[in-house]
1. Filter segment 121-140 down to the residues that are of a type in the set (Lys, Arg) and crowded, with 18+ Cβ neighbours inside 10 Å and list them by number.
2. Give me the pairs, please: first residue somewhere in segment 46-63 and of a type in the set (S, T, N, Q), second residue anywhere and surrounded by 14 or more Cβ atoms within 10 Å (Cβ to Cβ) and in a helix (DSSP H, G or I), beta-carbon distance under 9 Å, and either six or more positions apart or on two chains.
3. Do we find that ARG89 is closer than 25 Å to GLU184 by Cα and either in contact (Cβ under 8 Å) with a residue 40 or more places away in the chain or among the basic types (Lys, Arg) (or both) in this structure?
4. Output yes when any residue across segment 64-78 is under 16 Å from ALA34 (Cα atoms) and among the polar types (S, T, N, Q), and no when none is.
5. Looking at THR11, THR43, can you tell me which residue is farther than 27 Å from PHE107 by Cβ and without any contact (Cβ under 8 Å) to a residue 12 or more places away in the chain?
6. Does segment 191-207 contain at least one residue that is among the aromatic types (Phe, Trp, Tyr), surrounded by fewer than 21 Cβ atoms within 10 Å (Cβ to Cβ) and in a loop (DSSP other than H, G, I, E, B)?
7. Hey, could you check segment 8-65 for residues that are among the aromatic types (Phe, Trp, Tyr), touching a helix residue (DSSP H, G or I) at 6+ places or on another chain (Cβ under 7 Å) and modelled with pLDDT under 95 and say which is surrounded by the most Cβ atoms within 10 Å (Cβ to Cβ)?
8. Of the residues LYS62, LYS84, LYS47, which is more than 19 Å from the chain's Cα centre (by Cα) and in a helix (DSSP H, G or I)?
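The values are calculated or read from the model by the stated rules, or taken from the named source; none is laboratory data. Because the structure is predicted, anything quoted here is derived from the model rather than measured. Cβ coordinates were reconstructed from backbone atoms using ideal geometry, including for glycine residues, and neighbour counts include every protein chain displayed.
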Amino acid sequence: MRPSLEDYFRTALAKLGSQHWWPGETPFEVCVGAILTQNTSWTNVEKAIANLKARGVLEPEKLYALPPMELASLIRPAGYFNIKTKRLRNFLKFLIEEYDGQLDRMFSERLEGLREKLLAVKGIGPETADSILLYAGNKEIFVVDAYTKRIFLRHEVVSEEDDYHQIQEHFMHHLPAEVATFNEFHALIVHIGKNWCKTKVPDCEHCPWQKYLPRHGVGAR
């Protein structure tokens, strides 16, 4: 009998404990981090956020008021800093024009409508939008990333042809619709993807989910 997604969740939580993710002192910091973490490691994002804090501009209006070149310099550690400056400013413009820079007002909207609005902001894709909604807004939505597809493709839970929304729908349909569960499960997936289910040389022997692998094992996909 195939394990359920709840089996995966309970096993990882029991072995690894709570991940306390997303690391951010405020919902706005989480939003900024979600945009900056695209195509880079969290360690680099932390350096960029530390720069913004040291400069005293980690607030919507103050950050948007910065000249783009100065903002790019501050977030340089996060990589792709010119592109991310544009994406961050696009989000800030949206937040200020639509909600007077108030995240509480933004997150008071219904999930579906707000998600559509976020996806309409240039540079914000599904993973970033859903990270903002789940981790900063405490909305009931599951975040899918490269780790999710890699791990559960190897475990034959999803298929190569499944897109972001198909995988997301599968997880949301088979898990309790709880913010805490969606938050913790995604964080555990990231931990396992980084430490065991690596791209080229997966360490299946020591992975907490080793017992759930198909009998024929896994390749390096």
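1. LYS139
2. ASN51/SER73; ASN51/LEU74; ASN51/ARG76; ASN51/PRO77
3. So ARG89 fails the test.
4. No, segment 64-78 contains no residue that is under 16 Å from ALA34 (Cα atoms) and among the polar types (S, T, N, Q).
5. Residue meeting the stated conditions: THR43.
6. yes
7. Across segment 8-65, the extreme among qualifying residues is TRP22.
8. After ruling out the rest, the residue left standing is LYS62.
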